[in-house]
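Trainee: Take a look at this one; I'll ask things after.
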Amino acid sequence: MKITIIGTGYVGLVSGTCFAELGFDVTCVDKDENKIQKLKKSTLPFFEPNLSELLDKNVREGRLHFTSLLKNTAETSKIIIIAVGTPCDFETGRTSLKDIYSVLDSLAPYLRNNKLLVLKSTVPIGTLKKIEQYIYMLNKQAKFELASNPEFLREGNAIQDFMKLDRIVVGTESLKAKSLLRILYHNFLLEGIPYIETTPETAELIKYASNAFLGLKVSYINQMADLCEKSNGNIRELAQALGLDHRIGRGFLDPGPGFGGSCLPKDLLELSIYAKEVEKPLTLIDEVLKFNNLRPQKMLKIIQTAFEGNLKGKTIAILGLTFKANTDDLRDSPSLNIINKLYNLGATLQVYDPKGMESAQKILPGLYFAKNPYEAMKNADGLVILTEWEEFKDLDLERVKQFLKTPLVIDLRNIFSLDQMKSKEFTYYSLGHRPLNEKTKPKRQAAA
Ligand code: UDX
């Protein structure tokens, strides 16, 4: 069966590649000709583990194609999936549907012969119904089926998430749409993956409710971490014990500088505004948003305390720019917020990230971009960890000590164990635990 996927961002490219891997004949469409030319040469627009190899394989085997011309592929495909971005409109806080409507403007003439149009982009509740009306307004003869099919992929884990789905959600009132989607997800149905067929509005709500719950869970553990710091508690042991309760689960219980990225902050905000609009405010989610917005400021306070209140003239090594590990995405990254605050307070910053450097250099002037983590630490008065990359977890702590002027580590992702840091005699600030060895005198000589 032929499938067209419109939009070659995370969702479009990962879904397209994975559907091709499952045996479908997939064409990915993007209006950006430059992006398409690069994709034809196997150059990806972003970093995602294992995507490049899988994409190459499916292109080689003839199941995955790229084009900027919608017409041919839309006319010959049975299923057309929209996976364009729906970013936040910063003026209103709402989710922008500009790109979706622009796709529909081009697509409407080809919606004939009961083709199935699937919406994978995250869209506000009620959008599917509005889209239907919009298409009929553009093309009175249109004959198509329509379904919502939200995705739950995480950046950095997207291939794994697609191939090992927790559940599939399909929102439609059309029987034909239901049966076509059952063909599309045939393999997963055979594997017994939970398959939820529901109304379009419920499908749209499921996506928002899932992301809101994840944001809530992260904020909850962050608040617990704050409480541990005041109560001589240990958040690592607390999270482990909480996670062992199968009703709670261990996922999303790692404290950090707050949730970021292109989805959670935007989706929680959309849900909160929508709920107020329909006069059912989600006060819990409103609190989560408030708390998460203040999180970078709280992180700054920890750093200031570690530097005894004075950041002016201090040289600080920063490890981690992206909003989490295994991505090159800087969108809504708490790291950038914290870095800007430190910079404005007069600190000299030496930064390193395994994948985020190129984009960061364009938006963060005045920083030193190091070639590796150790170079970032050279002669620094302290080290701040902002993202939980494996590369940072594997650092040789003896070398860290040699490179830093002062053995001060502020770990805002809790990547090191307390025992490790204690035995190496670092002054160690982490989340949800009292600092170790709080006062450290500067060494006389810095490493060469
Ligand atoms: C999210 C959803 O997980 C995914 O289902 C949806 O399709 C898109 O949005 P993503 O934005 O890739 O995925 O990131 P995710 O892994 O969910 O992390 C979100 C944020 O929460 C990150 O900033 C991350 O660092 C933070 N986080 C996550 C924590 O601080 N602690 C945790 O334990 C987990």
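Trainee: Go through the stretch 1-12 and give me each residue that's hydrophobic (A, V, I, L, M, F, W, C), in a loop (DSSP other than H, G, I, E, B) and closer than 19 Å to residue 263 by Cα.
Mentor: None; the set is empty.
Trainee: Considering each residue of the stretch 13-42, count those that are open to solvent by 30 Å² or more (accessible area, probe 1.4 Å) and either of a type in the set (A, V, I, L, M, F, W, C) or not in a loop (DSSP other than H, G, I, E, B) (or both), and give that number.
Mentor: 9
Trainee: Can you give me the ranges of the helices (runs of 4 or more DSSP H) entirely in the stretch 344-410 with at least 2 residues that are open to solvent by less than 30 Å² (accessible area, probe 1.4 Å) and under 15 Å from residue 316 (Cα atoms)?
Mentor: 373-377
Trainee: Of the conditions (1) out of contact with any Asp or Glu (no Cβ under 6 Å at 6 or more places or on another chain); (2) under 15 Å from residue 270 (Cβ atoms); (3) crowded, with 18+ Cβ neighbours inside 10 Å, residue 91 satisfies every one except a single condition; which number is it?
Mentor: Condition (3) is where residue 91 drops out.
Trainee: While we're looking at this one, here's another question. For the stretch 94-111, give me each residue that is open to solvent by less than 60 Å² (accessible area, probe 1.4 Å) and not hydroxyl-bearing (Ser, Thr, Tyr).
Mentor: 94, 97, 99, 100, 103, 104, 107, 108, 111
Trainee: Answer yes or no as to whether residue 205 is away from the ligand (no atom under 11 Å from the Cβ) and closer than 20 Å to residue 429 by Cα.
Mentor: In short, no.
Trainee: Would you confirm, using the coordinates I've provided, whether residue 310 is modelled with pLDDT under 95, more than 12 Å from the ligand (Cβ to nearest atom) and in the same structural domain as residue 407 (by TED's automatic domain parsing)?
Mentor: The answer is yes for residue 310.
Trainee: Could you check, for the stretch 163-184, whether at least one of its residues is of a type in the set (Gly, Ala, Ser), open to solvent by 60 Å² or more (accessible area, probe 1.4 Å), within 16 Å of the ligand (Cβ to nearest atom) and in a helix (DSSP H, G or I)?
Mentor: No.
Trainee: If you take the residues in the stretch 43-59 that are under 17 Å from residue 9 (Cβ atoms) and without any contact (Cβ under 8 Å) to a residue 24 or more places away in the chain, which one is surrounded by the most Cβ atoms within 10 Å (Cβ to Cβ)?
Mentor: If we take residues in the stretch 43-59 being under 17 Å from residue 9 (Cβ atoms) and without any contact (Cβ under 8 Å) to a residue 24 or more places away in the chain, then 52 is surrounded by the most Cβ atoms within 10 Å (Cβ to Cβ).
Trainee: Kindly establish whether residue 72 is open to solvent by less than 40 Å² (accessible area, probe 1.4 Å), over 19 Å from the mean Cα position of the chain (by Cα) and among the polar types (S, T, N, Q).
Mentor: In short, no.
Trainee: So if I check each of 23, 7, which one is within 16 Å of the ligand (Cβ to nearest atom) and modelled with pLDDT of 95 or more?
Mentor: Going through 23, 7 in turn, just one is within 16 Å of the ligand (Cβ to nearest atom) and modelled with pLDDT of 95 or more: 7.
Trainee: Given the structure, is residue 273 in contact (Cβ under 8 Å) with a residue 24 or more places away in the chain and either within 13 Å of the ligand (Cβ to nearest atom) or open to solvent by 10 Å² or more (accessible area, probe 1.4 Å) (or both)?
Mentor: yes
Trainee: Determine which single condition residue 231 fails, assuming it passes every other condition in (1) away from the ligand (no atom under 16 Å from the Cβ); (2) crowded, with 22+ Cβ neighbours inside 10 Å.
Mentor: With (1) away from the ligand (no atom under 16 Å from the Cβ); (2) crowded, with 22+ Cβ neighbours inside 10 Å applied to residue 231, the lone miss is (2).
Trainee: Going through 251, 261 one at a time, which residue ends up being at pLDDT 95 or above, open to solvent by less than 20 Å² (accessible area, probe 1.4 Å) and within 16 Å of the ligand (Cβ to nearest atom)?
Mentor: 261
Trainee: Do we find that residue 412 is within 16 Å of the ligand (Cβ to nearest atom), closer than 23 Å to residue 230 by Cα and in the same structural domain as residue 316 (by TED's automatic domain parsing) in this structure?
Mentor: Spelling it out, residue 412 is indeed within 16 Å of the ligand (Cβ to nearest atom), closer than 23 Å to residue 230 by Cα and in the same structural domain as residue 316 (by TED's automatic domain parsing).
The values are calculated or read from the model by the stated rules, or taken from the named source; none is laboratory data. All values reported here derive from a predicted model rather than from experimental measurement. Reconstructed Cβ throughout: ideal geometry from the backbone, glycine too, with neighbour counts over all protein chains shown. Side chains are part of the model used for accessible areas, which takes the heavy atoms of the whole protein and leaves out ligands, DNA and RNA. Shrake-Rupley method; radii C 1.70, N 1.55, O 1.52, S 1.80 Å.
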